[in-house]
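The values are calculated or read from the model by the stated rules, or taken from the named source; none is laboratory data. Computed from a prediction, not measured in an experiment: that's the story for all the values here. With ideal geometry, Cβ positions are generated from the backbone for all residues, glycine too; neighbour counts draw on all protein chains shown.
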Amino acid sequence: MKRIFALLAVMALLLAACGTDTTETTEATGGTETTEAPPEGIQAAANACEVGATDGPLNLYNWTDYIPTGPLAEEFEVDDLLAKFEEEHGEEVTLTFFNSNEAMLAQIDAGASYDVVVPSDYMVVTMRDADLLVELNRAAIPNLDANIAELFSNPGYDPGNRFSAPYQWGTTGIGYLYGSIDDTEGVSWGVLFDEEMAAPNAGFISLLDDTRETLGSALKYLGYSLNTLNKDEVDEAADLILSTNEWIAAFNSTSYWTLLSSGEVNVSQGWNGDFLGEYDRITEYDADGEVTYSGYDDFGYAIPIEGSAAWVDTMAIPTTADHPCTAQTFINFILDAENGATLTNFNYYASPNEASEEFIYEEIIEDPSIYPVPETMAILEFFLDLGDMNNYYADAFTRAKG
Ligand code: N2P
(Lines give C-alpha, C1' and ligand atoms only; values in the text may rest on other atoms or scores of the structure.)
Protein backbone atom coordinates (compact mmCIF):
# COMPACT_ATOMS: atom_id res chain seq x y z
CA MET A 1 0.00 0.00 0.00
CA LYS A 2 2.98 2.29 0.60
CA ARG A 3 3.62 2.54 -3.10
CA ILE A 4 0.12 3.86 -3.63
CA PHE A 5 0.63 6.69 -1.18
CA ALA A 6 3.75 7.87 -2.98
CA LEU A 7 1.85 7.71 -6.24
CA LEU A 8 -1.04 9.66 -4.78
CA ALA A 9 1.25 12.44 -3.62
CA VAL A 10 2.42 13.05 -7.19
CA MET A 11 -1.09 12.65 -8.48
CA ALA A 12 -2.30 15.29 -5.98
CA LEU A 13 -0.01 17.90 -7.48
CA LEU A 14 -1.04 17.05 -11.02
CA LEU A 15 -4.73 17.03 -10.21
CA ALA A 16 -4.74 20.29 -8.31
CA ALA A 17 -3.17 21.93 -11.33
CA CYS A 18 -5.48 20.42 -13.87
CA GLY A 19 -7.97 23.25 -13.84
CA THR A 20 -5.58 26.16 -13.63
CA ASP A 21 -5.23 26.57 -17.34
CA THR A 22 -4.15 29.54 -19.35
CA THR A 23 -7.65 30.26 -20.56
CA GLU A 24 -10.20 32.03 -18.41
CA THR A 25 -12.63 29.20 -18.21
CA THR A 26 -12.46 28.41 -14.50
CA GLU A 27 -13.14 31.82 -13.06
CA ALA A 28 -16.89 31.33 -12.67
CA THR A 29 -16.44 28.82 -9.87
CA GLY A 30 -17.32 30.11 -6.45
CA GLY A 31 -18.74 33.46 -7.33
CA THR A 32 -22.29 32.54 -8.11
CA GLU A 33 -24.10 32.10 -4.82
CA THR A 34 -25.18 35.59 -3.92
CA THR A 35 -26.16 37.11 -7.23
CA GLU A 36 -28.07 34.36 -9.00
CA ALA A 37 -31.84 33.88 -9.04
CA PRO A 38 -33.13 30.73 -7.30
CA PRO A 39 -32.66 27.66 -9.46
CA GLU A 40 -35.40 26.68 -11.84
CA GLY A 41 -36.28 23.72 -14.00
CA ILE A 42 -33.86 20.81 -13.97
CA GLN A 43 -31.62 22.38 -11.29
CA ALA A 44 -34.55 22.92 -8.91
CA ALA A 45 -35.72 19.37 -9.57
CA ALA A 46 -32.23 17.99 -8.84
CA ASN A 47 -32.00 20.02 -5.64
CA ALA A 48 -35.27 18.54 -4.40
CA CYS A 49 -34.26 14.86 -4.83
CA GLU A 50 -33.85 12.79 -1.70
CA VAL A 51 -31.29 10.07 -1.24
CA GLY A 52 -32.38 6.89 -3.04
CA ALA A 53 -35.23 8.64 -4.87
CA THR A 54 -36.03 7.85 -8.49
CA ASP A 55 -38.18 9.71 -10.99
CA GLY A 56 -38.18 7.46 -14.06
CA PRO A 57 -35.88 5.28 -16.16
CA LEU A 58 -32.16 6.02 -16.47
CA ASN A 59 -30.78 7.09 -19.81
CA LEU A 60 -27.02 6.55 -19.52
CA TYR A 61 -24.50 7.86 -22.07
CA ASN A 62 -21.08 6.25 -21.52
CA TRP A 63 -17.88 5.35 -23.35
CA THR A 64 -17.75 2.02 -25.19
CA ASP A 65 -17.67 -1.02 -22.86
CA TYR A 66 -16.98 1.15 -19.82
CA ILE A 67 -19.49 -0.39 -17.43
CA PRO A 68 -19.97 -4.12 -16.76
CA THR A 69 -23.25 -5.34 -18.21
CA GLY A 70 -24.58 -8.17 -20.39
CA PRO A 71 -22.28 -10.85 -21.82
CA LEU A 72 -19.10 -8.88 -21.07
CA ALA A 73 -19.92 -8.75 -17.34
CA GLU A 74 -20.46 -12.52 -17.50
CA GLU A 75 -17.16 -13.08 -19.27
CA PHE A 76 -15.31 -11.03 -16.66
CA GLU A 77 -17.28 -12.76 -13.88
CA VAL A 78 -18.32 -9.50 -12.23
CA ASP A 79 -21.74 -8.14 -11.31
CA ASP A 80 -23.85 -6.71 -14.11
CA LEU A 81 -24.07 -3.23 -12.58
CA LEU A 82 -26.98 -2.10 -14.73
CA ALA A 83 -29.05 -5.18 -13.88
CA LYS A 84 -28.15 -4.68 -10.22
CA PHE A 85 -29.27 -1.05 -10.33
CA GLU A 86 -32.52 -2.04 -12.04
CA GLU A 87 -33.17 -4.65 -9.40
CA GLU A 88 -32.31 -2.45 -6.43
CA HIS A 89 -34.08 0.68 -7.61
CA GLY A 90 -36.81 -0.60 -9.90
CA GLU A 91 -35.87 1.67 -12.80
CA GLU A 92 -34.89 0.48 -16.24
CA VAL A 93 -31.53 1.53 -17.69
CA THR A 94 -30.87 2.34 -21.33
CA LEU A 95 -27.15 2.45 -22.22
CA THR A 96 -25.79 4.29 -25.26
CA PHE A 97 -22.10 4.42 -26.15
CA PHE A 98 -20.08 7.40 -27.30
CA ASN A 99 -16.52 7.34 -28.59
CA SER A 100 -15.06 10.69 -27.63
CA ASN A 101 -15.74 13.62 -25.34
CA GLU A 102 -16.33 15.84 -28.35
CA ALA A 103 -18.91 13.45 -29.86
CA MET A 104 -20.75 13.36 -26.54
CA LEU A 105 -20.65 17.15 -26.22
CA ALA A 106 -22.08 17.57 -29.72
CA GLN A 107 -25.05 15.39 -28.81
CA ILE A 108 -25.79 17.21 -25.56
CA ASP A 109 -25.30 20.57 -27.26
CA ALA A 110 -27.87 19.52 -29.85
CA GLY A 111 -30.35 18.78 -27.05
CA ALA A 112 -30.11 14.99 -26.77
CA SER A 113 -31.57 13.96 -23.43
CA TYR A 114 -29.43 11.78 -21.16
CA ASP A 115 -29.64 11.52 -17.38
CA VAL A 116 -25.97 10.70 -16.76
CA VAL A 117 -22.96 11.30 -19.02
CA VAL A 118 -19.29 10.43 -18.47
CA PRO A 119 -17.12 13.40 -19.47
CA SER A 120 -13.38 13.51 -18.83
CA ASP A 121 -11.88 16.22 -16.61
CA TYR A 122 -11.33 18.94 -19.24
CA MET A 123 -14.75 18.30 -20.74
CA VAL A 124 -16.38 18.96 -17.34
CA VAL A 125 -14.94 22.48 -17.59
CA THR A 126 -16.16 22.93 -21.17
CA MET A 127 -19.66 21.71 -20.35
CA ARG A 128 -19.95 23.57 -17.08
CA ASP A 129 -18.90 26.84 -18.68
CA ALA A 130 -21.46 26.28 -21.44
CA ASP A 131 -24.16 25.81 -18.75
CA LEU A 132 -24.70 22.24 -19.87
CA LEU A 133 -24.30 20.63 -16.42
CA VAL A 134 -26.58 20.44 -13.41
CA GLU A 135 -24.96 21.14 -10.06
CA LEU A 136 -25.01 17.94 -8.00
CA ASN A 137 -27.21 17.79 -4.92
CA ARG A 138 -24.81 16.32 -2.38
CA ALA A 139 -27.60 15.33 0.00
CA ALA A 140 -28.78 12.87 -2.66
CA ILE A 141 -25.25 11.52 -3.24
CA PRO A 142 -23.84 10.82 0.23
CA ASN A 143 -21.20 8.41 -1.15
CA LEU A 144 -19.52 11.34 -2.89
CA ASP A 145 -18.48 12.75 0.47
CA ALA A 146 -18.16 9.40 2.25
CA ASN A 147 -16.15 7.26 -0.17
CA ILE A 148 -14.08 9.33 -2.57
CA ALA A 149 -10.37 9.62 -1.80
CA GLU A 150 -9.44 13.08 -0.58
CA LEU A 151 -7.16 13.49 -3.55
CA PHE A 152 -10.15 13.40 -5.91
CA SER A 153 -12.45 15.55 -3.80
CA ASN A 154 -11.13 18.92 -4.89
CA PRO A 155 -9.80 18.51 -8.44
CA GLY A 156 -8.66 21.53 -10.41
CA TYR A 157 -11.17 20.84 -13.19
CA ASP A 158 -14.13 20.95 -10.79
CA PRO A 159 -13.31 22.39 -7.36
CA GLY A 160 -15.33 20.57 -4.70
CA ASN A 161 -16.82 18.18 -7.28
CA ARG A 162 -19.78 20.52 -7.63
CA PHE A 163 -20.71 19.32 -11.11
CA SER A 164 -19.06 15.93 -11.40
CA ALA A 165 -18.28 12.76 -9.47
CA PRO A 166 -15.10 10.84 -10.35
CA TYR A 167 -15.67 7.50 -12.12
CA GLN A 168 -12.27 6.04 -13.10
CA TRP A 169 -8.84 7.40 -13.85
CA GLY A 170 -6.15 6.17 -16.17
CA THR A 171 -3.42 6.84 -18.68
CA THR A 172 -2.87 6.94 -22.42
CA GLY A 173 -0.08 4.87 -23.90
CA ILE A 174 0.89 2.13 -26.31
CA GLY A 175 -0.37 -1.45 -26.30
CA TYR A 176 1.87 -3.78 -28.28
CA LEU A 177 2.60 -7.34 -29.28
CA TYR A 178 5.91 -8.50 -27.81
CA GLY A 179 8.53 -8.72 -30.51
CA SER A 180 6.96 -6.00 -32.62
CA ILE A 181 9.01 -3.20 -31.07
CA ASP A 182 12.64 -3.21 -30.00
CA ASP A 183 13.02 -1.40 -26.75
CA THR A 184 10.23 -2.38 -24.42
CA GLU A 185 11.98 -0.66 -21.49
CA GLY A 186 11.90 2.77 -23.08
CA VAL A 187 9.15 2.82 -25.67
CA SER A 188 8.98 6.01 -27.76
CA TRP A 189 5.90 7.51 -29.42
CA GLY A 190 8.15 7.22 -32.47
CA VAL A 191 6.93 3.63 -32.97
CA LEU A 192 3.67 5.25 -34.12
CA PHE A 193 4.80 8.62 -35.43
CA ASP A 194 8.29 8.17 -36.90
CA GLU A 195 8.47 6.64 -40.36
CA GLU A 196 11.61 4.63 -39.71
CA MET A 197 10.61 3.38 -36.28
CA ALA A 198 7.12 2.51 -37.50
CA ALA A 199 8.38 0.73 -40.63
CA PRO A 200 8.57 -2.82 -39.16
CA ASN A 201 4.86 -2.59 -38.28
CA ALA A 202 3.63 -0.61 -41.29
CA GLY A 203 -0.03 -1.42 -41.90
CA PHE A 204 -0.36 -2.88 -38.39
CA ILE A 205 -0.61 0.27 -36.31
CA SER A 206 -3.67 2.05 -34.95
CA LEU A 207 -4.18 5.52 -33.48
CA LEU A 208 -7.05 6.77 -31.35
CA ASP A 209 -9.75 8.64 -33.21
CA ASP A 210 -9.75 11.46 -30.69
CA THR A 211 -8.93 15.14 -31.15
CA ARG A 212 -7.20 15.73 -27.83
CA GLU A 213 -5.67 12.27 -27.37
CA THR A 214 -4.25 11.78 -30.84
CA LEU A 215 -2.97 15.33 -31.20
CA GLY A 216 -1.84 15.15 -27.56
CA SER A 217 0.42 12.13 -28.11
CA ALA A 218 1.89 13.71 -31.26
CA LEU A 219 2.53 16.92 -29.30
CA LYS A 220 4.29 14.93 -26.57
CA TYR A 221 6.43 13.17 -29.16
CA LEU A 222 7.46 16.57 -30.52
CA GLY A 223 8.36 17.74 -27.02
CA TYR A 224 5.40 20.09 -26.50
CA SER A 225 2.64 20.31 -23.93
CA LEU A 226 -0.55 18.49 -24.87
CA ASN A 227 -2.34 21.68 -23.82
CA THR A 228 -0.30 24.00 -25.99
CA LEU A 229 -2.02 27.17 -27.21
CA ASN A 230 0.69 27.68 -29.82
CA LYS A 231 -0.87 27.18 -33.26
CA ASP A 232 2.44 26.30 -34.93
CA GLU A 233 2.91 23.43 -32.49
CA VAL A 234 -0.62 22.17 -33.08
CA ASP A 235 -0.05 22.38 -36.86
CA GLU A 236 3.21 20.49 -36.55
CA ALA A 237 1.45 17.73 -34.59
CA ALA A 238 -1.35 17.60 -37.18
CA ASP A 239 1.20 17.30 -40.01
CA LEU A 240 2.91 14.50 -38.15
CA ILE A 241 -0.34 12.58 -37.78
CA LEU A 242 -1.12 13.21 -41.44
CA SER A 243 2.18 11.58 -42.39
CA THR A 244 1.22 8.44 -40.42
CA ASN A 245 -1.68 7.88 -42.82
CA GLU A 246 1.00 6.16 -44.95
CA TRP A 247 1.55 3.40 -42.39
CA ILE A 248 -1.39 3.18 -39.99
CA ALA A 249 -4.23 0.70 -40.41
CA ALA A 250 -6.91 2.75 -38.67
CA PHE A 251 -8.00 5.57 -36.41
CA ASN A 252 -9.98 3.60 -33.83
CA SER A 253 -11.20 4.31 -30.28
CA THR A 254 -13.84 1.62 -29.96
CA SER A 255 -12.25 -1.78 -30.67
CA TYR A 256 -8.51 -1.22 -30.91
CA TRP A 257 -7.94 -3.68 -28.07
CA THR A 258 -9.48 -6.51 -30.07
CA LEU A 259 -7.64 -5.36 -33.20
CA LEU A 260 -4.47 -5.93 -31.18
CA SER A 261 -5.41 -9.29 -29.64
CA SER A 262 -6.67 -10.64 -32.98
CA GLY A 263 -3.48 -9.73 -34.83
CA GLU A 264 -4.98 -7.02 -37.02
CA VAL A 265 -2.53 -4.54 -35.49
CA ASN A 266 0.74 -5.03 -33.59
CA VAL A 267 1.04 -1.61 -32.03
CA SER A 268 -1.77 0.64 -30.90
CA GLN A 269 -2.29 3.95 -29.16
CA GLY A 270 -4.93 3.59 -26.45
CA TRP A 271 -6.01 3.68 -22.82
CA ASN A 272 -4.39 1.41 -20.26
CA GLY A 273 -7.52 -0.34 -19.00
CA ASP A 274 -8.77 -1.21 -22.45
CA PHE A 275 -5.54 -3.06 -23.19
CA LEU A 276 -5.14 -4.73 -19.80
CA GLY A 277 -8.77 -5.82 -19.67
CA GLU A 278 -8.33 -7.44 -23.08
CA TYR A 279 -5.11 -9.21 -22.03
CA ASP A 280 -7.05 -10.63 -19.12
CA ARG A 281 -10.08 -11.53 -21.25
CA ILE A 282 -7.99 -13.65 -23.64
CA THR A 283 -6.24 -15.49 -20.80
CA GLU A 284 -7.28 -19.15 -20.70
CA TYR A 285 -7.71 -21.51 -17.76
CA ASP A 286 -8.02 -25.27 -17.37
CA ALA A 287 -10.73 -27.06 -15.40
CA ASP A 288 -8.81 -26.50 -12.14
CA GLY A 289 -8.59 -22.78 -12.76
CA GLU A 290 -4.88 -22.92 -13.65
CA VAL A 291 -3.77 -20.50 -16.34
CA THR A 292 -2.99 -22.36 -19.58
CA TYR A 293 -2.41 -19.23 -21.63
CA SER A 294 -1.88 -15.67 -20.45
CA GLY A 295 -2.50 -12.62 -22.61
CA TYR A 296 0.23 -10.90 -20.62
CA ASP A 297 2.81 -13.31 -22.13
CA ASP A 298 2.19 -11.87 -25.57
CA PHE A 299 1.18 -8.27 -25.02
CA GLY A 300 2.45 -5.26 -23.10
CA TYR A 301 1.49 -1.68 -22.27
CA ALA A 302 3.90 1.23 -22.08
CA ILE A 303 3.75 4.90 -21.28
CA PRO A 304 6.21 6.40 -23.77
CA ILE A 305 9.39 8.06 -22.54
CA GLU A 306 8.37 11.45 -23.98
CA GLY A 307 5.47 11.58 -21.52
CA SER A 308 1.75 11.18 -21.97
CA ALA A 309 -1.74 11.92 -20.70
CA ALA A 310 -3.43 11.07 -17.41
CA TRP A 311 -7.14 11.66 -17.09
CA VAL A 312 -10.08 11.37 -14.73
CA ASP A 313 -13.43 10.38 -16.18
CA THR A 314 -16.46 11.56 -14.26
CA MET A 315 -20.23 11.19 -13.96
CA ALA A 316 -22.26 14.32 -14.56
CA ILE A 317 -25.89 15.28 -15.19
CA PRO A 318 -26.52 17.30 -18.33
CA THR A 319 -29.16 20.01 -18.29
CA THR A 320 -31.00 17.94 -20.92
CA ALA A 321 -31.71 15.21 -18.33
CA ASP A 322 -35.30 14.13 -17.71
CA HIS A 323 -34.73 12.15 -14.53
CA PRO A 324 -32.40 14.00 -12.16
CA CYS A 325 -33.38 11.95 -9.10
CA THR A 326 -32.68 8.62 -10.79
CA ALA A 327 -29.46 10.15 -12.13
CA GLN A 328 -28.22 11.09 -8.66
CA THR A 329 -29.30 7.76 -7.20
CA PHE A 330 -27.30 6.06 -9.97
CA ILE A 331 -24.22 8.18 -9.27
CA ASN A 332 -24.52 7.29 -5.59
CA PHE A 333 -24.88 3.61 -6.55
CA ILE A 334 -21.66 3.68 -8.62
CA LEU A 335 -19.86 5.44 -5.76
CA ASP A 336 -20.75 2.58 -3.41
CA ALA A 337 -17.63 0.76 -2.17
CA GLU A 338 -18.37 -2.63 -3.74
CA ASN A 339 -19.86 -1.27 -6.96
CA GLY A 340 -16.85 1.01 -7.38
CA ALA A 341 -14.59 -2.03 -7.02
CA THR A 342 -16.68 -3.97 -9.54
CA LEU A 343 -16.12 -1.15 -12.00
CA THR A 344 -12.33 -1.35 -11.59
CA ASN A 345 -12.26 -5.18 -11.53
CA PHE A 346 -14.00 -5.04 -14.92
CA ASN A 347 -12.37 -1.98 -16.48
CA TYR A 348 -8.78 -2.35 -15.25
CA TYR A 349 -8.73 1.39 -14.63
CA ALA A 350 -7.75 2.86 -11.27
CA SER A 351 -10.49 3.86 -8.84
CA PRO A 352 -10.93 7.26 -7.18
CA ASN A 353 -13.09 5.47 -4.60
CA GLU A 354 -11.06 4.92 -1.44
CA ALA A 355 -13.72 2.74 0.15
CA SER A 356 -13.50 0.40 -2.87
CA GLU A 357 -9.85 -0.44 -2.38
CA GLU A 358 -10.40 -3.44 -0.12
CA PHE A 359 -12.63 -5.04 -2.78
CA ILE A 360 -10.33 -4.44 -5.76
CA TYR A 361 -8.31 -7.45 -6.91
CA GLU A 362 -4.81 -7.44 -5.46
CA GLU A 363 -3.23 -7.90 -8.90
CA ILE A 364 -4.89 -4.70 -10.11
CA ILE A 365 -3.76 -2.61 -7.13
CA GLU A 366 -0.24 -4.00 -7.57
CA ASP A 367 -0.10 -3.44 -11.34
CA PRO A 368 2.09 -0.41 -12.17
CA SER A 369 0.31 -0.12 -15.53
CA ILE A 370 -2.86 0.69 -13.59
CA TYR A 371 -1.49 2.39 -10.48
CA PRO A 372 1.70 3.90 -11.95
CA VAL A 373 4.89 4.45 -9.96
CA PRO A 374 5.57 8.11 -9.00
CA GLU A 375 8.34 8.41 -11.63
CA THR A 376 5.77 7.59 -14.30
CA MET A 377 3.17 9.93 -12.84
CA ALA A 378 5.75 12.70 -13.02
CA ILE A 379 5.84 12.57 -16.85
CA LEU A 380 2.07 12.65 -17.25
CA GLU A 381 -0.03 15.70 -18.02
CA PHE A 382 -3.78 16.24 -17.61
CA PHE A 383 -5.79 17.75 -20.44
CA LEU A 384 -7.10 21.27 -19.87
CA ASP A 385 -10.03 22.97 -21.49
CA LEU A 386 -8.58 25.03 -24.37
CA GLY A 387 -11.21 27.74 -24.44
CA ASP A 388 -10.96 29.60 -27.73
CA MET A 389 -8.47 27.08 -29.10
CA ASN A 390 -10.92 24.15 -29.06
CA ASN A 391 -11.98 24.73 -32.65
CA TYR A 392 -8.41 25.12 -33.82
CA TYR A 393 -7.58 21.67 -32.43
CA ALA A 394 -10.75 20.19 -33.93
CA ASP A 395 -9.94 21.54 -37.40
CA ALA A 396 -6.32 20.44 -37.11
CA PHE A 397 -7.38 16.92 -36.24
CA THR A 398 -9.83 16.74 -39.14
CA ARG A 399 -6.97 17.77 -41.42
CA ALA A 400 -4.62 15.27 -39.75
CA LYS A 401 -6.91 12.34 -40.53
CA GLY A 402 -6.44 13.03 -44.25
C1 N2P B 1 -13.64 2.99 -22.58
C2 N2P B 1 -12.44 3.76 -22.20
C3 N2P B 1 -12.72 5.15 -21.89
C4 N2P B 1 -11.58 5.88 -21.31
N5 N2P B 1 -13.36 1.90 -23.43
C6 N2P B 1 -11.41 7.20 -21.93
N7 N2P B 1 -11.04 8.21 -21.08
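Below is a table of values for the structure above.
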| item | result |
| --- | --- |
| Wholly enclosed helices (runs of 4 or more DSSP H) of the range 334-402 bearing at least 2 residues among the acidic types (Asp, Glu) and farther than 24 Å from ASP158 by Cα | 362-365 |
| Leading residue by the ranking (nearest to TRP257 (Cα to Cα)) among those in the range 66-79 that are crowded, with 17+ Cβ neighbours inside 10 Å and either small (Gly, Ala, Ser) or within 14 Å of the ligand (Cβ to nearest atom) (or both) | TYR66 |
| Among the candidates PRO166, PRO155, residue that is assigned to a strand (DSSP E or B) and of a type outside the set (S, T, N, Q) | PRO166 |
| Pairs where the first residue, in the range 294-319, is part of a loop (DSSP other than H, G, I, E, B) and the second is polar (S, T, N, Q) and within 16 Å of the ligand (Cβ to nearest atom), C-beta under 7 Å, 6+ apart | ILE303/THR171 |
| Selected residue [modelled with pLDDT under 95 and away from the ligand (no atom under 16 Å from the Cβ)] from GLY307, GLY289 | GLY289 |
| Residue that is of a type in the set (D, E, K, R), surrounded by 24 or more Cβ atoms within 10 Å (Cβ to Cβ), under 21 Å from GLU381 (Cα atoms) and at pLDDT 95 or above, where the choices are ASP158, ASP115 | ASP158 |
| Residue check, VAL234 touching a Phe, Trp or Tyr at 6+ places or on another chain (Cβ under 9 Å), farther than 21 Å from TYR122 by Cα and either touching a residue at least 60 places away in the same chain (Cβ under 8 Å) or of a type outside the set (Phe, Trp, Tyr) (or both) | no |
| Filter result (out of contact with any Ser or Thr (no Cβ under 9 Å at 6 or more places or on another chain), over 30 Å from GLU264 (Cβ atoms) and within 16 Å of the ligand (Cβ to nearest atom)) within the range 143-180 | PHE152 |
| Near pairs, Cβ below 7 angstrom, 6+ apart or cross-chain, from the range 61-80 (under 15 Å from LEU276 (Cα atoms)) to any residue that is among the acidic types (Asp, Glu) and within 14 Å of the ligand (Cβ to nearest atom) | LEU72/ASP65 |
| Failed criterion for THR126 (all others in (1) assigned to a helix (DSSP H, G or I); (2) under 15 Å from the mean Cα position of the chain (by Cα); (3) farther than 26 Å from GLY52 by Cα; (4) not acidic (Asp, Glu) hold) | (2) |
| Qualifying residue in the range 80-98 (condition: within 15 Å of the ligand (Cβ to nearest atom), hydroxyl-bearing (Ser, Thr, Tyr), in a loop (DSSP other than H, G, I, E, B) and within 21 Å of the chain's Cα centre (by Cα)) | no |
| Residues located in the range 162-174, provided they are more than 16 Å from the chain's Cα centre (by Cα) and surrounded by 22 or more Cβ atoms within 10 Å (Cβ to Cβ) | PHE163 |
| Test: residue in the range 63-79 that is farther than 25 Å from TYR361 by Cα and assigned to a helix (DSSP H, G or I) | no |
| Tally, over the range 233-258, of residues that are within 13 Å of the ligand (Cβ to nearest atom) and either of a type outside the set (Ser, Thr, Tyr) or part of a helix (DSSP H, G or I) (or both) | 4 |
| VAL187 vs. criteria in contact with a Ser or Thr (Cβ under 7 Å, 6 or more places away or on another chain) and either within 16 Å of the ligand (Cβ to nearest atom) or of a type in the set (A, V, I, L, M) (or both) | no |
| Members of the range 129-142 found to be in a helix (DSSP H, G or I) and crowded, with 21+ Cβ neighbours inside 10 Å, listed by number | ALA140 |
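Okay, residues lined up against (1) aliphatic (A, V, I, L, M); (2) surrounded by fewer than 21 Cβ atoms within 10 Å (Cβ to Cβ):
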| residue | (1), (2) |
| --- | --- |
| CYS49 | no, no |
| ALA53 | yes, yes |
| LYS84 | no, yes |
| MET104 | yes, no |
